[in-house]
Amino acid sequence: MSKFLLVVFDGLRPDMVRPDTTPNLIAFAASGTNFMRARSVFPSETRVCSASVATGCLPRRHGLVANRIPHPLDAARSVDTGHMTLLKQIEQDTGAPLLDAPTIARLLHSAGRDFAILSSGTTGQTYVLNPEADALGQLSLSVHGPEFCSTKGRGLLAKLPPPPRAPAERAVWLVEAYRAHILPAPPDVSILWLCEPDTSGHYQGLGSPDQLDALRAADAAFARLVADWRAGPHAEDLTIAVASDHGHATITGLHPIAPHLIGSPAEGATVMAGSSCGLAWPDASAETIAAAADWLTTQDWVGSVFAADGIDLPPGVLPNSAVLANHRRAAQVVFTLRTSNGPSARGLGGTTLYDGNLPLGGGTHGGLLAAELHTVLMFAGARIRPGALADAPAGLCDIAPTALALLGLSGAAAMDGRVLAEALFDAAPSDAHPAAESWEAAHGDYRQRLARTRFGRHIYLDEGYRG
Ligand SMILES: [Zn+2]
């Protein structure tokens, strides 16, 4: 019976997959199909991406619309979705599941198939991948401790040496745990989510010696897993996919936005800051939302500006639906800080202003830069076309449908994503043709552009920027 493993290198930019940093990922890609136009979702933030991986759906369907979201019952406060306890509290407060769309975990359970997660991401990130792990009797293991694992995850954690503290070591530890305890008898679908090179990129900077070391260590651990797989009993029936959830941009300016809001039409809004930001109000009128969005287009520190669908949008502002993030839980105004495609000090393209706790020169993501939206996506295995470079558009939402197709299970058709037939031996590639879509809005000197690609009924975000 066919099985599927997804290994996520959190925050890995495609241009960091190089012979000197990830020789083993390059060899893996050469043995299978490598998607050259893989895309994240917006906001390009880890929990948003995790929900798209889990559901095969866009943020407008799954509803986990930002790393920090307005509280669903009280937009006067916001919730950091990095904490499992806060996500469980939201579910209790609202009496509703965290995600609006069914997860692959639930679909597998309904089909009598098994699912497991091992993650060194935040506790919230691990929870988003499968909020029902305990209810469905599935394994979910977080390196952050037994209280953040499902019952089965706690059972596995108890057999393992204590996780190291350093994130780069934790990622390697997690791969070794998978090799030793899961790979010999893998569940039907499993996800191995590595917090590197994201964590080192955030704090030490993109392309820093620390980040390259963390990436090399994760790549080497992955090579050991691949070697076991090829030599073991599941070389034929297990397909392995490698993905990143988003890329990274370099912070070239720390820019607290709260002081700017004082005395502006946005004063009084709940602010969710980062490189992608949100403004929310418990009971905002259409006029308030429009005035705040309009004012943002007059500020030189602002990049792209989006606002709730269904109101009269001021000139220069695009609807949240343009970035596929319109959902009742979304902030009424969503915007990015000013960006550039120019290189960082280490020569990696994509820089941005940022409001938060990360250091100047560190990495961040969440916005619409190509550096943030362009991701890694590759597959290898007995059922995957070898040595193939796929130039059809692909994205995070396509992973779950493709896994279901490999397992011979239904459910893909109800997802936003598509089965990546370009990678599969036994599937006819789609006869759709990529069609570029360009959105533009201007207000005086302010002008923003958004580039998307339509492929059949599927839409991918390529890039958004001011200019
Ligand atoms: Zn991430």
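Every number here is computed from the coordinates shown, using simple stated rules; none is lab data. Keep in mind the model is a prediction, meaning the values are calculated, not measured. Virtual Cβ from ideal backbone geometry, glycine too; neighbours counted across all protein chains shown.
Selection over segment 317-340 of residues that are in contact with a helix residue (DSSP H, G or I) (Cβ under 7 Å, 6 or more places away or on another chain) and either β-branched (Val, Ile, Thr) or more than 29 Å from Asp100 (Cα to Cα) (or both) gives a count of 3.
Could you say whether any residue in segment 337-355 is among the hydroxyl-bearing types (Ser, Thr, Tyr) and part of a loop (DSSP other than H, G, I, E, B)? Steps first, answer last, please.
In the first step, residues of segment 337-355 are kept if they are among the hydroxyl-bearing types (Ser, Thr, Tyr); the result is 339-340, 344, 351-352, 354.
Still in the list and also part of a loop (DSSP other than H, G, I, E, B): 344.
Yes, because at least one residue in segment 337-355 is among the hydroxyl-bearing types (Ser, Thr, Tyr) and part of a loop (DSSP other than H, G, I, E, B).
The number of residues in segment 30-62 that are more than 20 Å from Phe335 (Cβ to Cβ) and either in a helix (DSSP H, G or I) or away from the ligand (no atom under 16 Å from the Cβ) (or both) comes to 18.
Taking segment 120-139, which residues are within 15 Å of the ligand (Cβ to nearest atom), among the small types (Gly, Ala, Ser) and either over 14 Å from the mean Cα position of the chain (by Cα) or surrounded by fewer than 22 Cβ atoms within 10 Å (Cβ to Cβ) (or both)? Hit for segment 120-139 is Ser120, nothing else.
Which members of segment 192-221 meet the condition of being closer than 22 Å to Ser140 by Cα and out of contact with any helix residue (DSSP H, G or I) (no Cβ under 6 Å at 6 or more places or on another chain)? If the condition is that a residue be closer than 22 Å to Ser140 by Cα and out of contact with any helix residue (DSSP H, G or I) (no Cβ under 6 Å at 6 or more places or on another chain), then Trp193, Asp198 are the ones that fit. If you go through segment 360-372 one residue at a time, do you hit one that is surrounded by fewer than 18 Cβ atoms within 10 Å (Cβ to Cβ) and under 24 Å from Ile26 (Cα atoms)? For segment 360-372, residues surrounded by fewer than 18 Cβ atoms within 10 Å (Cβ to Cβ) and under 24 Å from Ile26 (Cα atoms): absent.
Out of curiosity, is Ser244 small (Gly, Ala, Ser), touching a Pro at 6+ places or on another chain (Cβ under 6 Å) and surrounded by 22 or more Cβ atoms within 10 Å (Cβ to Cβ)?
no
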